[in-house]
Structures are given as C-alpha cells and as structure tokens.
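Participant: I'd like to ask you about the structure that follows.
Derivation of every value follows stated rules applied to the coordinates shown; laboratory data play no part. Given the structure is predicted, the values throughout are model-derived calculations rather than measurements. Cβ atoms come from the backbone with ideal geometry, glycine included; neighbour counts cover every protein chain shown.
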Protein chains: 2
Amino acid sequence: MTTTARVAAAGAGPEHRLGTTTLQVTDAAGAPLADTEVVVEQTRHAFTFGNIGFDLVGLANGRGEAGDEELGERYVEVFNAATLPFYWRDFEPEPGRPRTDELRRAAEWFRDRGVAVKGHPLAWHTLAPQWLLGRPLDEVEQTLRERIRRDAGGFAGLIDTWDAINEVVIMPVFEAEENAITPLARERGRIHMIRLAFEEARAANPKATLLLNDFDLSSAYECLIEGVLEAGIRLDAIGLQTHMHQGFRGEEALVKIADRFARYGLPLHFTETSLVSGDLMPRHIVDLNDWQVDEWPSTPDGEARQADELERHYRALVGHPAVESITYWGITDRGAWLNAPIGLLRADGTPKPSFDALRDLVKDEWWLPPTTTRTDAAGRVAVRGFAGDYAVRPARSTDAAAATFTVARGADAEASVTL
Amino acid sequence: MTTTARVAAAGAGPEHRLGTTTLQVTDAAGAPLADTEVVVEQTRHAFTFGNIGFDLVGLANGRGEAGDEELGERYVEVFNAATLPFYWRDFEPEPGRPRTDELRRAAEWFRDRGVAVKGHPLAWHTLAPQWLLGRPLDEVEQTLRERIRRDAGGFAGLIDTWDAINEVVIMPVFEAEENAITPLARERGRIHMIRLAFEEARAANPKATLLLNDFDLSSAYECLIEGVLEAGIRLDAIGLQTHMHQGFRGEEALVKIADRFARYGLPLHFTETSLVSGDLMPRHIVDLNDWQVDEWPSTPDGEARQADELERHYRALVGHPAVESITYWGITDRGAWLNAPIGLLRADGTPKPSFDALRDLVKDEWWLPPTTTRTDAAGRVAVRGFAGDYAVRPARSTDAAAATFTVARGADAEASVTL
C-alpha cells in the first residue's frame, strides 16, 4: 500500500478547525491521475470572518468617494462576510418608502465578490422610526411584523443571515430615547418580541440563519436565552457583541463568555467586535453612545496595541469550538461609529498594523495558499487544512479548469475530482 | 335616611390599602342593635409584616436562653409572619435524618401566637448538603425532588408559604463554594430547576403560596421570570431580597424596582430586608458573605439612621399597590447574619429606635386600636381601616364575646354581626 501524498496548511491552527479530505484525482476518462503534479489551494473559510459593509454602500450605488475602490479591495482581501445596515429609521425614513434598492445593490456588490451578506437588525428599539411614535401598541406590532416580513423576504437568497432582533435584555427598560418599540416590549414581554421577530423572519425566509444579538453578556442574557428556548423558539445562533472601546476583555474573559453561552448547544457568533487604536473610552461610561467626542485620533502606540489585542481576540475565539463567526465592527476610521479609531484602515485608507495582523492570520497562518504537490501511484492526495472550500488543478497549466472540494471540521473525508 | 356612624383608623395610610366594611349589628334575637356603644378593633393586618423566626426555634424547643421569652413577646407585638430556616445542609445534616420535629415545634410556636409561618428555602445551591457532592446528576435531582416533596408536604397546613427556590439567577454560575446543585442547574438550565421545585412543592401542598426568590433585581431576574411564565410555571408571588448592608436603596429606587416587577401582575414580596444600625459594609463587596468581621457594633448614630431608613422603606413599599409582604431579616443583633447589627433589638434585648418606628407604623398609624363608637338608629356602623381582620364587641362588657369581620382592600362591603 502506498502512503498517500499529503499537503497541509502552514500554521497548525486549533485542531478542531481542521479537517482532511483525501482526493482521488482522475482524468476525463476516469483513470487515476498517478504521480502527477497538482496545485491545491484554499478558496474560502468555512469560519465567518466578517466586517461591517456600511462604508461600501455608496460605492455599490455609484456614489463612491476617493479611496472607496481600494477600501473594497482591502475588504475582500480578508473578509468573507459583510454586515449591512437595516436600521429601520434610516432604512425607511418615510413609511412605505424603504431604501430597498440601495441595500440590494450593496448586497449584490458583496455577493459578486464572494462575500456573504448579513442584515442588521430586523427589530430593535434604538433607531426605530420616529413616525411610529404615538401609534397604538397593536399597530406598532403589526407594522414591525410587516417590516420584518418584507425585508427578510425581499432579500431572501441575497441576505440569508439576520440579526432577527437586537438587544432585547434592555429593550423593555431602555430609557435613553423615546421610541415605539420599548413600550411594546414592556407591555408584551421580551419573549413575545423575540417570538414575533423570529416568526416573521422565519416565515419570510425559511432558509435564513436567524440570530438573537445582545451586548449584555451577563446572566441576564443567559436567562433570556433559557426562556426563549423553553418557549420553543428556534435560534440558529447566539449573537454576542464585544465592543471594546473601554479596553480589551482578554482571552480568559472571552473564553469564559464563550463557555457560558456554549452550553445551549448553539453556534456562537461574535457579531460586533471593536478595539480602538487610540485612547480608551473612560470606564465609567455605561452606554457607549454617551461618549461623544469631536476628535479621537489613532496613535502609533494605540495601533500597536490594537493589532496585538485583535490577534489575541481572534486566536482566543477561533480557538473555541463553539464559535463559528467573528464580525469586526469597522473597516475604516473614516466616519466610524462615535468617531472612534476602531477601523483596521486609517481614515486615509492606509492599513493599520491590525489589518496586517488579521490578514496574516486569516489568509496565511490559517490558510492553504496555492501549493504544488504530487499525487501518489493511485492518483490520491490528502489535503489537510482549515475547514472551507478548496480548489485543485493540474500543475502543468495555470489556466486549466480547477475542480473544487471542501474540507470539513474534524472530518476525515474522501472526494473524487476530475482534472 | 340616617347617616351611618363611622369609625376609622387614625393614620391615613395609602388609600389602596384601605377598605370599608359596614356592619349591621343585631342582637341574639336578630333585632338591630340601634344607638348602642360598641368597641371595634383591628386584630390582624392582611398585609404580611414578617421577620425571621430563626432566633425563637430554641425557645420553641424548650432550649430558650435568657431573654428569649421577651424576644418572643416583642416579636408578636409587631409581626404577623415568621420565616423559618429550612437550609437543607442544616435541616438534614445526615441523609434521612431531617430536623422535622424541631422545625414543627417552632412553626407551632408561631402559629399558636397568630403568626403565619413561611419556609425558606426548598431549593438552593448555597447550604446544599455536602453529602450530595459527587453523586450523579440524576440522583441529585431525584434527591432534591424528594426533599422538596417531603418538607412541603410534611408541613402542609402549618407552613403554607415557601420560597420554592432561591437565587436561581446565579445558581448555574455560582462559584463561591462547590455544591451539588450548581452543576445540575448548569446542565439542565434555570427553568428546569424552577419547574422541578414548583412541581414538587405544588404537588405536595396544593394550597401553598410558592415564591421564586432572588437577590439579583437586575434585568436578569426579569428575563428569568419572563421565561418561567412563558414556560407555563405558575408563580404565586415574586420574591425580592433587599439586604442593605451597604446602604439604604432609597424610596425612588424601591418604587422603581416594584414598578419593574409589578408588570407581571403577580404579588410582590420583599422577602429579605435588612438595614444596619452601625457602619455600612464597603460598596466594593459583591457577595455580602465575603465581609466577615468579628465585631460590628450598633451605634447611636447608626440606630437613628436605621430607624429613619426602615420607616422610609416600609412607607415606600406599603405605598406600592403590588406589594403584599415585607419581611425584615433580623429581630435581634444576637447571632445576626454576618455579625451585622441589622436587628431591631440590640443583643441585650432592648429595642432600637427602628423597632419603635416599625411598631408605630404597623400597630398605630396603620392600625385601628379598640375604639368605642355608637351604632346608628338602624344598628349600623361603618368601619374604615387597613385591610385585615377586625373584632367588634358590646362596650358594656369588656369580656363579652366579640364578633369578627374583615376589611378588604378597596372594598366597600357589608357584614352582619350578632352581639
């Protein structure tokens, strides 16, 4: 028996992220392609490395500003998923006139570049439309249901991941701004709100991955999730925000969070990750929106710290088996939330060390670049790497059609490809 | 038409606590007892003014120490309910040998003096028996179920109010001491724990008032309650602890808490209230049990503050329509929890100003003492006062048998009594 030829990603990576697929390579006639050089490469991570796509909506709609093209190139260099803004107040400034076309073009821009799109969020008290204020609760609920159904259904096939509802822990007791959703949640309860959001989104797009998403990672969120599961509401993933304007949480705390929420047996999505490359926001600020500054510069020291912490953040969470997605919350400092230097690119478009650090992880250490290997006497080659999509083509010709295959987590699989 | 004679409690009290019962007084032959002097008095509050009965278990079991008789007299002077300790570790130090008889005698001691008894708690991670450690989860759950059924059932008719389960918000993530309940809660979920406690207690004593009780009054508890209600578990009251070793919460905060938890439409019981009459515990202590001091003296300044705050606490909560019970957590400083001077009596048995302040509220301002009045020409008299039990007897003889009647909150009722 021959020893199968092997090719493997450079970095070890967490063992539980890896898998092996042994290829049986044949020619068009079905004969094993023995002792033949082939080039194997990874084309996509199964793990979701996302970012916000807010900054590219203009470009996708023909309103690109200077630097947007380059921003888009940087984006797709690292990220395989984009979160697009469906904040109701902005999305539907006047009742019945949603910005559907604009968001559709943005989603298509990403899809055409191999980037999956997520919508954020379908239901939330913050940024609920002002025009809902003063309406009776039944009408508010009905209008909310219709909006969820319209948007989850209207984008089905293009956007198949949604934060179905956002920040429910605080929803009924939210006091920062009058809105029409908080009184509804207060009167009818948190689980009622979650049920309605999931019901409508599920009905409109049965294939969607629907998340509950929150910044409150205390026991309150655990209690809420337990109630939701007891109520028989199906969650596809648990969304955990980790904005860190006030400092990096650290590996131990992150793993502890993941452990606590992993016990529900659902995939964990770290949906909103941010780390500043400048001064930290003071610890006494509770609602991050309360910290409004005109200038919040990115500094060399801050950028070095951000790169270090970002790498540690990703290593810790990619290392946790329950985590399936990390979305960073900022591609560029230009127009960033709160003016905070949380981007991976500076306002002038140049990459910070954090961008390079993340690219090195995602597209180098955890990635199989085009690698030439030789099939064995039986025409076989074993490919070990991060779970994801892969391609194999004959080494003799760089423009030959590639065959594709996948590597699955923890799997020891076989696949046949014809070259 | 005659104007009905009226008698009313001295203090106004919160309007929603009051009711009026108009008595039709007749003689043994059934004739109206017109223009006759009668003495009306309140005999019991409908509102539960409770305290812990821990300190009187010894006396009730013939092991009274010096001062215990007087302590008992002070107790029944103010309180109409007593919470007795059913901490599993102490109650059943060896498997199968519970201290049932001792607790029964204690409960009977209170019952015989007109004091209702509550048991605390049937399920809790803290003070779970050490002998449960290391057993398989199924066995832990079964043993817990049996203990709940045994004690809730065994005391039925004598103890008809229970904290069915205590501090569930922290239960699955409790880390201060290894115990057999936390892993069960972690594995099977908070709602599972609550369901099993209520199921067993309800089955064993269908007439019992069963509480969920917690010190965590944050959104976490709201989320937990919402999940429990969605799961169809019937709670008879929501238990809210307010230990205030670190300072009085203040009326505004208390009313806000009551408002938040009132929206589930269930009675609110403030189950564990404490205020120190000495130095405050430092704010940085999170688990009160972490503050262990040898001496914690009661001081004149502290006693004045305690009396003031206690009065404000009771006024605020008796003033809230959803509150049906306040239990103070300390009758004497002798042997008090954490050595803290939270008692209403000093270690030497003398009353602090807080005792007098509470007695003045409960048995004076909010109370109708024996009051002589005259029935009208039709033999009628209207009695307005705090909801509760009342008695009426002829004024001509102090030892004549009294007739009893009730005054219900918000009611304008009629009753016939024969004197």
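Participant: At q = 0.27 Å⁻¹, what base-10 log of I(q)/I(0) does the Debye formula yield for the stretch A:161-210 when every alpha carbon is treated as an equal point scatterer in vacuo?
Facilitator: Debye intensities relative to I(0), on a log10 scale: -0.97.
Participant: When only Cα pairs under 8 Å and 6 or more residues apart are kept, what is the percent relative contact order across the stretch A:23-124? Can you show the working numbers first?
Facilitator: Numbers: 103 pairs, mean separation 28.1, N = 102.
Taking the mean separation of contacting Cα pairs over the length of the stretch A:23-124, I get 28 percent.
Participant: Hey, got the dipole for the stretch B:101-146? About the Cα centre, +1 on K and R Cβ, -1 on D and E Cβ, debye to the nearest 20? Don't skip to the end; give the middle numbers.
Facilitator: Numbers: 7 positive and 8 negative charges, 58 e Å.
The calculation lands at about 280 debye.
Participant: Sticking with this structure for a sec: Net charge near B:A204: determine it from the other residues with C-beta under 11 Å of the C-beta of B:A204, scoring Lys and Arg +1 and Asp and Glu -1.
Facilitator: Details: positive: B:R145, B:R147, B:R149, B:R150, B:R202, B:K207; negative: B:E146, B:D151, B:E199, B:E200.
Taking every other residue near B:A204 into account, the sum is +2.
Participant: Taking the label point as lying 7 angstrom from Cα along the Cα-to-Cβ axis, what are the distances from A:E175 to the corresponding position in the remaining copies, in ascending order and in nanometres?
Facilitator: In ascending order, 3.0 nm.
Participant: Given the alpha-carbon gyration tensor of the stretch A:1-117, what are the semi-axes of its equivalent ellipsoid in whole angstrom, ordered largest first, with each equal to the square root of 5 times an eigenvalue? Provide the component values of the computation, followed by the final result.
Facilitator: On the way: eigenvalues 360, 50, 40 Å².
Calculated on Cα positions only, the semi-axes equal 42, 16, 14 Å.
Participant: Provide the descending list of Cα extents for the protein assembly as shown along its principal axes, expressed in whole angstroms.
Facilitator: 120, 63, 51
Participant: Another question about this same structure. Taking every DSSP beta bridge that has both residues in the stretch A:48-365, what percent is antiparallel when rounded to the nearest 5?
Facilitator: Values: 1 of 36 bridges.
Of those bridges, close to 5 percent are antiparallel.
Participant: Taking 1 over the mean of 1/r across every pair of different Cα atoms in the stretch A:48-365, what Kirkwood radius in Å do you get? Walk me through the numbers before you get to the answer.
Facilitator: Working: mean 1/r = 0.0502 Å⁻¹.
Here the Kirkwood hydrodynamic radius works out to 19.9 Å.
Participant: Turning to a different aspect of this structure: Run through the other copies and list how far each one's label point is from that of A:T372, in nm with one decimal, shortest first; the point sits 7 Å from Cα along Cα-Cβ.
Facilitator: Distances to the matching label points in the other copies: 11.9 nm.
Participant: For the protein assembly as shown, what is the charge dipole size about the Cα centre, in debye to the nearest 20, if Lys and Arg each add +1 at the Cβ and Asp and Glu each add -1 at the Cβ? Display every interim value, and only then the final one.
Facilitator: Details: 88 positive and 130 negative charges, 410 e Å.
Roughly 1960 debye for the protein assembly as shown.
Participant: Moving on. Over all distinct Cα pairs, what is the inverse of the mean 1/r for the stretch A:169-240, reported as the Kirkwood hydrodynamic radius in Å? Intermediate results must be reported in sequence, preceding the final value.
Facilitator: Working: mean 1/r = 0.0775 Å⁻¹.
After inverting the pairwise mean of 1/r, the radius is 12.9 Å.
Participant: In whole Å, what are the Cα extents of the stretch B:326-374 along the three principal axes, biggest one first?
Facilitator: 52, 22, 13
Participant: In percent, how large is the relative contact order of the stretch A:234-333, given Cα pairs closer than 8 Å and 6 or more residues apart?
Facilitator: Values: 140 pairs, mean separation 38.0, N = 100.
Once normalised by length, the contact order is 38 percent.
Participant: Could I ask something else about it? Projecting each Cα onto the charge dipole of the protein assembly as shown (Lys/Arg +1, Asp/Glu -1 at the beta carbon, about the Cα centre), which of B:S218, A:A307, B:A400 comes out farthest on the positive side?
Facilitator: B:A400
Participant: What are the equivalent ellipsoid semi-axes of the stretch A:66-212, built from the alpha-carbon gyration tensor (square roots of five times its eigenvalues), in whole angstrom, biggest first? Can you show the working numbers first?
Facilitator: Working: eigenvalues 161, 50, 40 Å².
In descending order the semi-axes read 28, 16, 14 Å.
Participant: Then there is this: Quick one: pull the percentage of alpha-carbon pairs in the stretch B:69-153 with a separation above 17 Å. Walk me through the numbers before you get to the answer.
Facilitator: Working: 1838 of 3570 pairs.
The calculated P(r) of the stretch B:69-153 puts 51 percent of pairs beyond 17 Å.
Participant: In cubic angstrom, how much convex hull volume per residue do the alpha carbon atoms of the stretch B:272-419 span? Let's see the in-between values first.
Facilitator: Working: hull volume 22.3 nm³, N = 148.
With only Cα atoms used, the stretch B:272-419 gives 151 Å³ per residue.
Participant: Next question, about the same structure. Pairs to check: A:K207/A:K352; A:K118/B:K256; A:K118/A:K363; A:K256/B:K118; B:K207/B:K352. Give those whose C-alpha atoms are more than 32 Å from each other in this structure.
Facilitator: A:K207/A:K352; A:K118/B:K256; A:K256/B:K118; B:K207/B:K352
Participant: Provide the FRET efficiency to the nearest 0.05 for the B:L280-B:W131 pair, computing r from the beta carbons and using R0 = 35 Å. Write out the running numbers ahead of the final one.
Facilitator: Numbers: r = 38 Å, r/R0 = 1.07.
In this case the efficiency is close to 0.40.
Participant: For the rotation that superimposes chain A on chain B, which residue of A has the C-beta lying nearest to the axis, and at what distance in Å?
Facilitator: Rotation axis A onto B, closest Cβ, rounded to whole Å: A:G227, 1.
Participant: Note down the nm distance, to one decimal, between modelled labels 7 Å out along Cα→Cβ at A:V76 and at A:R150.
Facilitator: Taking the two extended label points, one gets 3.1 nm.
Participant: Moving to a separate point now. Computed from the mean reciprocal separation of all distinct C-alpha pairs, what Kirkwood hydrodynamic radius does the stretch B:237-351 have, in Å?
Facilitator: Numbers: mean 1/r = 0.0685 Å⁻¹.
Its Kirkwood hydrodynamic radius stands at 14.6 Å.
Participant: Explain nothing, just the number: dipole magnitude of chain A about its Cα centre with +1 on each Lys and Arg Cβ and -1 on each Asp and Glu Cβ, in debye rounded to the nearest 20.
Facilitator: Working: 44 positive and 65 negative charges, 236 e Å.
Dipole magnitude for chain A comes out near 1140 debye.
Participant: Right, something else. Excluding B:P321 itself, what net charge comes from residues whose Cβ is under 12 Å from its Cβ, given Lys and Arg +1 and Asp and Glu -1? List each step's numbers first, then the result.
Facilitator: Numbers: positive: B:R17, B:R409; negative: B:E15, B:D259, B:E324.
Local net charge: -1.
Participant: Still on this model: So for the stretch B:48-365, taking the charge dipole from beta-carbon charges (+1 Lys/Arg, -1 Asp/Glu), which of B:L254, B:W296, B:V168 sits furthest toward the positive end?
Facilitator: B:V168
Participant: Would you mind telling me the antiparallel percentage of the DSSP bridges in the protein assembly as shown, rounded to 5? Don't skip to the answer; put the middle values down first.
Facilitator: Values: 50 of 142 bridges.
Here the share of antiparallel DSSP bridges comes out near 35 percent.
Participant: For B:A156, go 7 angstrom from Cα along the Cα-to-Cβ vector, then report the distances to that same point in the other copies in nm, smallest first.
Facilitator: Nearest to farthest, the other copies are at 5.2 nm.
Participant: Further question: Pairs of alpha-carbon atoms within less than 8 angstrom and 6+ residues apart define the contacts here; what relative contact order does the stretch B:48-365 have, in percent? List each step's numbers first, then the result.
Facilitator: Working: 584 pairs, mean separation 50.8, N = 318.
Here the relative contact order equals 16 percent.
Participant: On to the next question. Run the numbers for B:E187 and B:E102: contour at 0.36 nm per residue of separation, minus the present Cα-Cα distance, in nm. Write down the numbers at each step before the final one.
Facilitator: On the way: separation 85, 0.36 × 85 = 30.60 nm, distance 3.48 nm.
Using 0.36 nm per residue and subtracting the Cα-Cα distance, I get 27.1 nm.
Participant: Estimate the FRET efficiency between B:E69 and B:D301 by the formula 1/(1 + (r/R0)^6), using the beta-carbon distance for r and 25 Å for R0, to the nearest 0.05.
Facilitator: Numbers: r = 31 Å, r/R0 = 1.23.
With R0 = 25 Å, the Cβ-Cβ based efficiency is 0.25.
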